[in-house]
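A short worksheet on the structure shown next.
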2 protein chains.
Amino acid sequence: MMPPYNTRLHAFIAGHEGPWVIQESRRILGAPLEKASRLRIESGWHDAASTHAVWVLHGATSNERYVNQEEKSLLVSRQEGLGRAQATQAVMIPIQKKPEWWAMTQEERRRIFEERSRHTRIGLDYLPAIARRLHHCRDLTHAEPFDFITWFEFAPADADAFDRLLQALRQTEEWRYVQREAELRLTRA
Amino acid sequence: MMPPYNTRLHAFIAGHEGPWVIQESRRILGAPLEKASRLRIESGWHDAASTHAVWVLHGATSNERYVNQEEKSLLVSRQEGLGRAQATQAVMIPIQKKPEWWAMTQEERRRIFEERSRHTRIGLDYLPAIARRLHHCRDLTHAEPFDFITWFEFAPADADAFDRLLQALRQTEEWRYVQREAELRLTRA
């Protein structure tokens with residue numbers, strides 16, 4: 001008998017079904033994702049064959065790795081959750097970082113992530129408009145092609161702001177440690 | 001078709017087979033582990049039924065979470081690997097921490113782990129005699145009963161030193177965040 005799934009695990013299932021219409025699938029760095037028309041997000045682990053999916057990616061929400069207490073308080077006071085009625089647009093960004101990133105100590109990673117790249121501070125400027133959920137993929141049971149999946153939701157009026165957020169993050173020192181990245185643009189069906 | 005396993009994943013399989021004889025299974029905090037006579041460690045994911053095991057625990061080695069550059073250099077210069085011929089004794093310690101631990105920010109956890117509890121510094125005093133490998137269980141695909149599994153190996157002559165190490169770690173502030181802990185004492189068959 002299989003033990004129960006990690007309750008923080010989510011599967012991103014791309015195929016021909018689901019509440020999210022994939023409007024565009026961009027290759028940012030490295031191998032692109034296969035084309036699919038719809039996406040759904042489910043709890044637990046799902047394999048591509050039994051779900052008739054084109055691809056399935058998994059990730060688990062987890063404890064925070066980089067924010068300090070002040071940043072955490074700001075995040076908690078400003079951020080809103082997923083599923084808001086007006087948030088009919090979504091972007092899914094799976095990222096794989098270079099081995100050099102993972103070989104660094106926590107404090108070196110924090111220094112690049114926040115002190116030099118201001119990752120959290122940049123994101124704070126776009127709250128509460130851009131809702132965000134981060135999923136970790138690196139330490140799951142099965143080898144996943146990406147290290148993280150970030151899921152963003154926002155209203156159509158905030159789409160330009162989202163593009164500015166993304167542009168700002170891709171100009172940082174932290175982003176030089178990305179070796180594979182894809183970007184899916186979706187709208188709620 | 002299932003994707004390949006995470007190459008850093010290990011299964012601790014307790015039953016009636018394996019190169020390690022379980023001499024003693026101590027309940028330290030919370031529910032005890034079921035009794036078994038032997039243990040083996042395999043790569044990948046293994047379920048209890050198909051391996052005829054009494055229990056199976058999983059964990060993945062991963063990137064470092066707390067050590068700074070100086071501590072990492074000291075660790076790398078002093079530590080030795082598992083499998084040394086003279087290291088015929090082993091101790092397996094699965095630990096689950098309280099939800100309060102996981103709700104803290106990284107810097108709060110680091111402050112308790114190292115600045116106040118000196119976890120890494122205490123361990124350094126016992127290198128290279130005590131070899132150690134840490135496995136993370138919290139973000140796997142399936143829900144695991146523990147957050148970490150640490151595996152220690154040492155020569156019989158260093159068994160007293162190991163007991164002192166364990167006693168020192170259990171007197172720290174960090175240890176107050178442990179809510180379940182078991183301790184298996186093993187010898188190589």
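Take the residues of the range A:1-15 that are crowded, with 16+ Cβ neighbours inside 10 Å and either at pLDDT below 95 or in a loop (DSSP other than H, G, I, E, B) (or both): which is farthest from the other protein chains (Cβ to nearest Cβ)?
Step one: of the range A:1-15, the residues crowded, with 16+ Cβ neighbours inside 10 Å are A:5-6, A:8-15.
Next cut, either at pLDDT below 95 or in a loop (DSSP other than H, G, I, E, B) (or both) only: A:5-6, A:8.
Numbers: A:Tyr5: 6, A:Asn6: 5, A:Arg8: 8 Å.
Result: A:Arg8.
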Given the conditions (1) of a type in the set (Lys, Arg); (2) surrounded by 15 or more Cβ atoms within 10 Å (Cβ to Cβ); (3) in contact (Cβ under 8 Å) with a residue 24 or more places away in the chain, which single one is not true for B:Lys72? (3)
Taking the range B:16-35 on its own, how many of its residues are more than 25 Å from B:Thr141 (Cα to Cα) and open to solvent by less than 50 Å² (accessible area, probe 1.4 Å)? 6
Considering only residues that are open to solvent by less than 40 Å² (accessible area, probe 1.4 Å), farther than 18 Å from A:Leu82 by Cα and away from chain B (no Cβ under 11 Å), which ones fall in the range A:36-48? A:Ala36
Residues of the range B:113-150 being more than 22 Å from A:Gln106 (Cβ to Cβ), at pLDDT 95 or above and of a type in the set (A, V, I, L, M, F, W, C), in sequence order, are B:Ala129, B:Ile130, B:Ala131
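Which count do you get for residues in the range B:49-64 that are open to solvent by less than 40 Å² (accessible area, probe 1.4 Å), within 11 Å of chain A (Cβ to nearest Cβ) and either of a type in the set (D, E, K, R) or in contact (Cβ under 8 Å) with a residue 24 or more places away in the chain (or both)?
Filtering the range B:49-64 down to residues open to solvent by less than 40 Å² (accessible area, probe 1.4 Å) leaves B:51, B:53, B:55-63.
With within 11 Å of chain A (Cβ to nearest Cβ) added as a condition, the list becomes B:55-63.
Checking the rest, the ones that are also either of a type in the set (D, E, K, R) or in contact (Cβ under 8 Å) with a residue 24 or more places away in the chain (or both) come to B:55-62.
Selection size over the range B:49-64: 8.
Going through the range A:130-183 one residue at a time, which ones are of a type in the set (D, E, K, R), within 14 Å of another protein chain (Cβ to nearest Cβ) and either farther than 21 Å from A:Glu64 by Cα or open to solvent by less than 40 Å² (accessible area, probe 1.4 Å) (or both)? Quick ask: steps written out before the conclusion?
Of all residues in the range A:130-183, those of a type in the set (D, E, K, R) come to A:132-133, A:138-139, A:144, A:147, A:153, A:158, A:160, A:163-164, A:170, A:173-174, A:176, A:180-181, A:183.
Then keep just the ones that are within 14 Å of another protein chain (Cβ to nearest Cβ); that gives A:138-139, A:144, A:147.
Across the range A:130-183, the qualifying residues are A:Asp139, A:Glu144, A:Asp147.
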Could you list all residues from the range A:47-64 that are modelled with pLDDT of 95 or more, under 12 Å from A:Phe12 (Cβ atoms) and not aliphatic (A, V, I, L, M)? A:Trp55, A:His58, A:Gly59
Whether any residue in the range A:111-129 is within 14 Å of chain B (Cβ to nearest Cβ), open to solvent by less than 20 Å² (accessible area, probe 1.4 Å) and closer than 26 Å to B:Leu140 by Cβ is what I want to check. no
For the range A:118-159, what are the residues that are of a type in the set (S, T, N, Q) and touching a Lys or Arg at 6+ places or on another chain (Cβ under 8 Å)? A:Thr150
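Are any of the residues in the range A:96-105 of a type in the set (S, T, N, Q), free of Cβ contacts under 8 Å to residues at least 24 places away in the same chain and either crowded, with 18+ Cβ neighbours inside 10 Å or within 10 Å of chain B (Cβ to nearest Cβ) (or both)?
So in the range A:96-105, the residues of a type in the set (S, T, N, Q) come out as A:96, A:105.
From what's left, free of Cβ contacts under 8 Å to residues at least 24 places away in the same chain: A:105.
Filter once more, so that each one left must be either crowded, with 18+ Cβ neighbours inside 10 Å or within 10 Å of chain B (Cβ to nearest Cβ) (or both): A:105.
Scanning the range A:96-105, I find at least one residue that is of a type in the set (S, T, N, Q), free of Cβ contacts under 8 Å to residues at least 24 places away in the same chain and either crowded, with 18+ Cβ neighbours inside 10 Å or within 10 Å of chain B (Cβ to nearest Cβ) (or both), so the answer is yes.
Do we have A:Arg121 as assigned to a helix (DSSP H, G or I) and touching a Phe, Trp or Tyr at 6+ places or on another chain (Cβ under 6 Å) here? Write out each step before concluding.
Values: assigned to a helix (DSSP H, G or I): yes; touching a Phe, Trp or Tyr at 6+ places or on another chain (Cβ under 6 Å): no.
No: the conditions fail for A:Arg121.
The values are calculated or read from the model by the stated rules, or taken from the named source; none is laboratory data. Keep in mind it's a predicted model, so treat the numbers as computed, not measured. So basically every Cβ, Gly included, is an ideal-geometry build from the backbone, and we count neighbours across all protein chains shown. Please note that ligands, DNA and RNA were not included when accessible areas were found on the heavy atoms of the full protein model with its side chains. Shrake-Rupley method; radii C 1.70, N 1.55, O 1.52, S 1.80 Å.
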